[in-house]
Amino acid sequence: MNVTIVDYNSGNISSVINSFREVAKDKVNITVTTNLNKIKSSDKIILPGQGSFKSCVDALNKINGLSDALNEFAINNKKPILGICVGLQMFADIGYEETETKGLGWISGKVSKINDQNGKYKLPHIGWNQIDIIRNSKIFKDIENKSHMYFVHSYEFIPEDKNVISATTDYSSNIVCSVERENIFGTQFHPEKSDKFGLKIIDNFINL
Amino acid sequence: MLKNRIIPCLDVKNGRVVKGINFVDLKDAGDPVEQAKIYSDGGADEICFLDITASNENRDIIYDVVKKTSKKCFVPLTVGGGIRSIEDINKLLNCGADKVSLNTAAVENSKVVIDSSKKFGSQCIVIAIDAKRKGDKWEVFTHGGRNNSGIDALEYAKQMEENGAGELLVTSMDRDGTQVGYDIDLMSKISSKVNIPVIASGGVGNLDHLVDGIKLGKASAVLAASIFHYGKYSIKEAKEYLDSKGIPIRI
């Protein structure tokens, strides 16, 4: 099996690479690339993302043909894709970080700033928070409800169709922290930094 | 609910772990990669490396340490010490650091904070503030505590937040190495002044000091070095103690 981590200059992806290689061992090939043919022929794709929504979308659009290749992979061919952090947020139609920016539009919804309730909640939301699993997701196999995951973000994905939400976390409100729609998966938290439970989620995705 | 974090810090010199008393009198005490792995297995919420002699010695060793550590530890790794430029930050992140902490460079050139938080995202830019009390205020020191910038620590904290810092790592120089507890006054004043998380550092001697740092100092995270490093307490003991005091903690 070939699993590809899309390297589109979205910031620091070394931890994503390290964690997937740790889980995959020798059984699965983990490739890090922007080569469109390699992406198209992969079995699974990871779409990481750090920094702002706008900077990630801009970086993605800078690579000719990348968003088409991702569309073909995830929407036409319905092969499994996992978005992490801003990688997940980009599934939305639109994001409001820095300036209004169009996303991939795979899951209808918007990405807006977490309501800090006049300074009551510090932003970014940094650290370990528990996830409330509200719908069974394939990537949560053997993950207990209320497991701790590592978060670092100031913006949240608000999907229109609440049925895509598989988990939320409590910070100011119930923040969407995991989505699943058919072959499309995303986590707002960082499984690559969430110790053994995070690695288990990665393992679940690899073994889909 | 979001949990408070416990962050063990490893001072690293020439690829080896040391912990000084008031920034001098260093003792050699171990391999940082192994130590970091023990901490992360023990439940550390993050790991912090401080390359204490980075400003004037061979930096390549720390890159190697970070590379090896990031292949074994799957919790966030922060690296600080001697980072001067966007290029230094880029290199450390590529080696597997998740965040970098800037000290002297941020005081001397605020542009590096603005530019790096834009380029890499605020989430990976931690500003380390070494503060020393003067009357009823605190001044920011640079160069590992050797130079007084004369800048007011509270004003500086606010300015760094505006420049794009994701977190502040606040060390009381008066308390560092003394084991008498954090400078609670400093921590709570800075934490109330900014809306980004504050990590309290400098002065921990027992587990009640960690409790105070969070409850009274309003810190989101507490950093300590020697109490963990010399085996006085394990991370697990610290977490259980904080939990018993009603502090939200990941166990």
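Neighbouring Cβ atoms from other chains, within 10 Å of the Cβ of residues in A:19-25, number 1 on average. Karplus-based coupling profile of the range B:191-196, in residue order and whole Hz: 4, 6, 6, 10, 10, 10, with θ = phi - 60° in 6.51 cos²θ - 1.76 cosθ + 1.60 and x standing for Gly or Pro. The mean count of C-beta atoms from other chains within 10 Å of the C-beta of residues in B:92-103, rounded to a whole number, is 3.
Taking all protein chains as shown and a probe of 1.4 angstrom, A:ARG135 keeps an accessible surface of around 90 Å².
Once you have a ≥ b ≥ c as the square roots of the Cα gyration tensor eigenvalues for chain A, tell me rounded if a/c is under 1.5, and otherwise prolate or oblate according to whether a/b is larger than b/c. Judged from the Cα gyration tensor, chain A comes out oblate (a/c at least 1.5, b/c at or above a/b). In the elastic network of chain B, a GNM with C-alpha springs shorter than 10 Å, the most mobile of B:GLY30, B:GLY202, B:GLY181 is B:GLY30. For the range B:62-94 versus the range B:228-242, the inter-centroid distance based on Cα atoms is 25 Å. GNM, chain A, Cα, under 10 Å: largest mean-square fluctuation among A:TYR121, A:TYR155, A:TYR96? Of A:TYR121, A:TYR155, A:TYR96, the most mobile in the Gaussian network model is A:TYR121. Heavy-atom accessible area for B:PHE120, with the other protein chains in place and a 1.4 Å probe, reaches approximately 10 Å². Within the listed set B:ILE227, B:ILE127, B:ILE86, the Gaussian network model of chain B (springs between alpha-carbon atoms below 10 Å) gives the highest mean-square fluctuation for B:ILE86. The listed residues A:SER137, B:SER149 rank as B:SER149, A:SER137 when sorted by accessible area, largest first, using a 1.4 Å probe.
Find, among the GluC sites (Glu not before Pro) in the range A:122-176, those assigned to loop by DSSP (not H, G, I, E, B) with at most 15 other beta-carbon atoms within 10 angstrom.
A:GLU144, A:GLU160
Given N residues in the range A:1-102, what is its alpha carbon radius of gyration divided by 2.2 N^0.38 Å? So the Cα radius of gyration is 1.03 times the expected 2.2 N^0.38 Å. DSSP bridge analysis restricted to chain B gives an antiparallel fraction near 30%, rounded to the nearest 5. Placing unit charges on the Cβ atoms of the charged side chains and taking the dipole of the range A:1-122 about its Cα centre, the candidate lying farthest along the positive direction among A:SER112, A:SER19, A:THR33 is A:SER19. How would you classify chain B from its alpha-carbon gyration tensor, with a ≥ b ≥ c the square roots of the eigenvalues: rounded for a/c under 1.5, else prolate if a/b is greater than b/c, otherwise oblate? Rounded shape, in that the Cα axes give a/c under 1.5. Look at the Cα gyration tensor of the range A:64-181: its axes a ≥ b ≥ c give a/c of at least 1.5 with a/b at or below b/c, and that counts as oblate. Using only the C-alpha atoms, the convex hull of the protein assembly as shown corresponds to 129 Å³ per residue. Selection among A:LEU47, A:THR169, A:ASN207 by position relative to the dipole of chain A gives A:ASN207 as farthest towards the positive end (Cβ unit charges, Cα centre). Looking at chain A, the DSSP beta bridges with both ends there are about 60 percent antiparallel.
Dipole magnitude for the range A:2-206: about 320 debye, using +1 per Lys or Arg Cβ and -1 per Asp or Glu Cβ, origin at the Cα centre.
One Cα centroid belongs to the range A:1-43, the other to the range A:87-108; the line between them spans 23 Å.
Phi-derived couplings, Karplus 6.51 cos²θ - 1.76 cosθ + 1.60 at θ = phi - 60°, listed residue by residue for the range A:41-51: 8, 5, 8, 9, 10, 10, 10, x, x, 10, x Hz, with x used for Gly and Pro.
For a 4.7 Å threshold on C-beta separation, the list of partnerless cysteines in the protein assembly as shown reads A:CYS56, A:CYS85, A:CYS177, B:CYS73, B:CYS95, B:CYS124. For B:ALA219, the residues whose modelled amide H falls within less than 5 Å of its own, excluding neighbours fewer than 5 places apart on the same chain, are B:ILE214. When both bridge partners sit in the protein assembly as shown, DSSP labels roughly 45% of those beta bridges antiparallel. In order along the range B:151-156, the Karplus-derived 3J(HN,Hα) couplings, from 6.51 cos²θ - 1.76 cosθ + 1.60 at θ = phi - 60°, round to 7, 6, 5, 5, 5, 4 Hz, and Gly and Pro are given as x. Its residue count N sets the reference 2.2 N^0.38 Å, and the alpha-carbon radius of gyration of the range A:122-208 equals 1.00 times that reference.
The values are calculated or read from the model by the stated rules, or taken from the named source; none is laboratory data. Values in this document were obtained by computation on a predicted structure and should not be read as measured data. Virtual Cβ from ideal backbone geometry, glycine too; neighbours counted across all protein chains shown. We work out accessible area using only protein heavy atoms, side chains counted, and drop any ligands, DNA or RNA first. Shrake-Rupley method; radii C 1.70, N 1.55, O 1.52, S 1.80 Å.
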